[in-house]
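The structure under discussion appears below in the form of structure tokens.
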Amino acid sequence: MKKIVFYLFIVTLTLFSGCKNAFITSKKAAPPNIIIILADDLGFHDVGFNGCEDIPTPNIDRIANEGVKFTNGYVSYTVCGPSRAGLITGRYQDRFGFGRNPLFTPKDPQMGLPLSEETMATALKKAGYRTMAIGKWHLGAHESLRPLNRGFDEFFGFLTGGHQYFPELLTLKDISEVKSQFDAYKTRLLHNNTRVEIKEYLTDALSAEAVHFVERNTDRPFFLYLAYNAPHTPLQATEKYLSRFSDIKNKKRRTYAAMVSALDDGVGRLLDTLESLKIADNTIVFFLSDNGGPTNKNGSNNDPLRAGKGSMYDGGIHVPFAMRWPRVIPAGKVYEKPVISLDIFATVAKYARAKPTHPLDGINIVPYLLGKKKGQPHDFLAWRKFDQHRYAVRSGDFKLVNEGNDELYNLTKDIGERNALTDQTKMESLLKLKDQWTKQMIDPVFLGLVQNALYNKLHPDRWENVEPY
Ligand code: CA
């Protein structure tokens, strides 16, 4: 009898725990890992999934082919800093005065992402994620604005808008030795609060750190912000990568190709790591560039888009953009309606069960990708360059752009913005949207790269007594 009672007890216990597990599984799917791979100044046409032929990018293409390719993926600004501020907050950066590309000013607590803003990393960390930023920061060099104070548990990289790629060119011990804006490109790298020496080509070093971070964090959800500075200038590549492009005769294009190829190798190492650890299925990977290619500077190619980095034409803001999440999104999807980098925060917050503090401008795009929601994700998207009085607004097929004059294009029919339309009613309706949007924005709260000389005049002690860091 005792045996039977004991047996029934065990059966009941087993059934109960089984139900409990089933309940947990159905009610709460495990939160996904999140990886954002951000390239720097990569041309729209310079990935295989957008038709590039002279630079193979098989690994970056895996993200698009095994997930979604966005044919109308945008960023929120035409150059590095403000675009990153939009991405990491999920908000138009002009809402909080990040309308200029920041200077490198380690003593200035106003130069960068205001502390009133919450980063994606902070929101995810509060939701239980382990967080790491790797590579280019560019959101403030003052102590209060650095990654470890903005939601990241770990940081490996540099604080500036760009960096030298060869270890032997990293000749400055720390920021106390920096005496001009571009000196900072030569500092040794930071690992959390410590300056470290690297032995590898910078892109390879960043890739190695990304792999190590993932390997260390298989037991909990993680967020990795992998912000390569490649293929931003200076144009520097090792023979290992240059030798792959001996058939490219243009020297600039050849070095650029080598830099993109190194980045692609790094993406491959990271994706392979996810697979070997068996966590690829529930890891969301985004890939995009922070702005369009500066074709004259780094040899990039934005075809078929008009113009490039710095411009309000699509070449400045319409970027290579892909996402992969095998558990939820079927492979081989092409999504054609306009989306923007601001959508990344809103999308991952939903599945990470994070609670952003501020209202986001981005939206969760997954229901659109799965066909559960139809129509346009955004009524409109808007951009402005405060100092230059330039702006653009896109709503559905149409875009109004001002690079000196108001011009109207139908991007679905004319992606290269060649044939300006004369539809006054359409123009006025887009201008009205732009004006309503602009009223919600504020003026820049710090001087930027184009005001470097003015900043130096106003702050003659800019480089004096900078704390070693
Ligand atoms: Ca950039």
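The values are calculated or read from the model by the stated rules, or taken from the named source; none is laboratory data. Quantities reported herein were computed from a predicted structural model and do not represent experimental measurements. Reconstructed Cβ throughout: ideal geometry from the backbone, glycine too, with neighbour counts over all protein chains shown. For the accessible areas, the whole protein counts, side chains as well, though only heavy atoms, and no ligand, DNA or RNA atoms are used. Shrake-Rupley method; radii C 1.70, N 1.55, O 1.52, S 1.80 Å.
Observations
- Residue 455 being closer than 30 Å to residue 193 by Cα, touching a Pro at 6+ places or on another chain (Cβ under 8 Å) and touching a residue at least 24 places away in the same chain (Cβ under 8 Å): no
- When each of 192, 217 is tested for being assigned by TED's automatic domain parsing to the domain that holds residue 256 and out of contact with any helix residue (DSSP H, G or I) (no Cβ under 7 Å at 6 or more places or on another chain), the lone residue that passes is 217.
- Applying the condition of being open to solvent by less than 70 Å² (accessible area, probe 1.4 Å) and touching a helix residue (DSSP H, G or I) at 6+ places or on another chain (Cβ under 7 Å) to the stretch 365-381 and asking which residue is farthest from residue 151 (Cα to Cα) yields 380.
- If the condition is being within 15 Å of the ligand (Cβ to nearest atom) and in a loop (DSSP other than H, G, I, E, B), then the stretch 308-321 contributes 308, 309, 310, 311, 319, 320.
- Annotation: of all residues in the stretch 273-301 being more than 13 Å from the ligand (Cβ to nearest atom) and part of a loop (DSSP other than H, G, I, E, B), the one that is most open to solvent (accessible area, probe 1.4 Å) is 278.
- Filtered residues of the stretch 24-68 (kept if open to solvent by less than 30 Å² (accessible area, probe 1.4 Å), of a type in the set (Asp, Glu) and part of a loop (DSSP other than H, G, I, E, B)): 40, 41, 46
- Any hit, the stretch 233-248, residues being assigned by TED's automatic domain parsing to the domain that holds residue 84, of a type in the set (Gly, Ala, Ser), more than 16 Å from the ligand (Cβ to nearest atom) and crowded, with 24+ Cβ neighbours inside 10 Å: yes
- Scanning the stretch 110-132 for residues that are out of contact with any His (no Cβ under 8 Å at 6 or more places or on another chain) and within 15 Å of the ligand (Cβ to nearest atom) turns up nothing.
So that you can scan it fast, the table gives a plain yes or no per residue for (1) closer than 25 Å to residue 394 by Cβ; (2) assigned to a strand (DSSP E or B); (3) at pLDDT 95 or above; (4) open to solvent by 10 Å² or more (accessible area, probe 1.4 Å):
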site: 323; (1), (2), (3), (4): yes, yes, yes, no
site: 330; (1), (2), (3), (4): no, no, yes, yes
site: 347; (1), (2), (3), (4): yes, no, yes, no
site: 350; (1), (2), (3), (4): yes, no, yes, yes
site: 356; (1), (2), (3), (4): yes, no, yes, yes
site: 363; (1), (2), (3), (4): yes, no, yes, yes
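- Residue within the stretch 252-269 that is assigned to a helix (DSSP H, G or I) and without any contact (Cβ under 8 Å) to a residue 12 or more places away in the chain present: no
- Residue list for the stretch 130-149, restricted to those being farther than 15 Å from residue 228 by Cβ and open to solvent by 10 Å² or more (accessible area, probe 1.4 Å): 130, 142, 143, 144, 146, 148, 149
- Reported count of residues in the stretch 69-99, each being in a loop (DSSP other than H, G, I, E, B) and more than 14 Å from the ligand (Cβ to nearest atom), is 8.
- Of all positions in the stretch 201-215, at least one carries a residue that is more than 16 Å from the ligand (Cβ to nearest atom), more than 28 Å from residue 301 (Cα to Cα) and either of a type in the set (Asp, Glu) or in a strand (DSSP E or B) (or both).
- So residue 343, is it closer than 15 Å to residue 74 by Cα, away from the ligand (no atom under 16 Å from the Cβ) and open to solvent by 30 Å² or more (accessible area, probe 1.4 Å): no
- Restricting attention to the stretch 419-469, the residues that are closer than 30 Å to residue 176 by Cα and not β-branched (Val, Ile, Thr) add up to 23.
- Any chance residue 402 is in contact with a Lys or Arg (Cβ under 7 Å, 6 or more places away or on another chain), open to solvent by less than 20 Å² (accessible area, probe 1.4 Å) and modelled with pLDDT of 95 or more: yes
- For the stretch 286-316, a residue qualifies if it is over 13 Å from residue 70 (Cβ atoms), aliphatic (A, V, I, L, M) and in contact with a strand residue (DSSP E or B) (Cβ under 9 Å, 6 or more places away or on another chain), and the qualifying residues are 305, 312.
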